Amino acid sequence: MTLRIGPYEFNSRLLLGTGKFPDFSIQRQAVDVSETEILTFAVRRMNIFSPEQPNFLEQLDLKNYKLLPNTAGASTAEEAVRIARLSKASGLCDMIKVEVIADPRTLLPDPIETLEATKILVNEGFIVLPYINDDPIMARKLQEAGAHAIMPGASPIGSGQGILNPLNISIIIEEAKVPVIVDAGIGSPADAAIAMELGAEGVLLNSAVAHADDPV
């Protein structure tokens with residue numbers, strides 16, 4: 001079976017973040033061998049409007065990937081919407097991962113602002129994938145708002161602690177009418193396997209790969 005997000009279909013169930021790698025060369029090699037079809041990146045950290053500045057996207061054959069810009073750095077719905085609009089204006093993609101962080105220490109998402117941003121961006125025609133806590137009620141509300149996939153965190157971003165609350169993740173998956181992609185905190189292949197065993201349709205990795213002894 002393929003992974004279907006909005007109008008798009010993918011064979012790979014792995015979404016790969018492009019940050020935190022030691023350098024562009026290792027980043028590119030890791031992307032190549034991962035066989036992922038979806039790459040996510042923080043719009044704020046990319047020089048998408050400055051061709052004279054280094055840009056990771058220039059190192060890739062973009063025909064092989066679907067880009068999933070994210071709104072990392074946003075702390076309000078307004079900021080997330082502005083970042084999403086900048087991304088779309090650059091012509092990169094109509095997909096957006098909504099990431100609105102409430103706490104800079106834990107990097108946990110703000111559910112209220114995430115829901116508000118999702119409503120606005122869905123109405124503007126984006127394919128919206130919100131990053132949320134493992135909260136089944138919020139997952140339901142985001143689906144009702146038109147989210148095209150739900151991305152619950154396994155544990156805090158970059159923590160590598162794996163799935164701390166498998167029961168909640170299971171409930172989200174059981175009730176979901178859109179794909180559930182487990183995001184954040186996946187620290188090992190075993191964690192990714194557990195997510196898939198719970199019924200997730202995909203996983204998003206970044207730190208587990210970028211910070212590995214050998215990312216490639």
Checking ALA80, ALA149, ALA184 in turn, the sole residue that is touching a Phe, Trp or Tyr at 6+ places or on another chain (Cβ under 9 Å), closer than 29 Å to ASN64 by Cβ and buried (at least 24 other Cβ atoms within 10 Å of the Cβ) turns out to be ALA184
Those residues that are part of a strand (DSSP E or B) and either in contact with a Cys (Cβ under 6 Å, 6 or more places away or on another chain) or without any contact (Cβ under 8 Å) to a residue 40 or more places away in the chain (or both), I need them from region 75-98; list them, please. ILE96, VAL98
Total residues in region 41-65, condition within 18 Å of TYR131 (Cβ to Cβ) and either modelled with pLDDT of 90 or more or in contact with a Lys or Arg (Cβ under 7 Å, 6 or more places away or on another chain) (or both): 0
Go over the candidates ILE137, ILE132 one by one and state the one that is loosely packed, with under 14 Cβ neighbours inside 10 Å, modelled with pLDDT of 95 or more, of a type in the set (A, V, I, L, M, F, W, C) and closer than 24 Å to ILE163 by Cβ. ILE137
What do you reckon, is PRO104 surrounded by fewer than 17 Cβ atoms within 10 Å (Cβ to Cβ) and closer than 21 Å to ILE157 by Cβ? yes
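The values are calculated or read from the model by the stated rules, or taken from the named source; none is laboratory data. From a predicted model like this one, the values you see are computed outputs, not experimental measurements. No Cβ is skipped: glycine too gets one built from the backbone with ideal geometry, and neighbour counts run over all protein chains shown.
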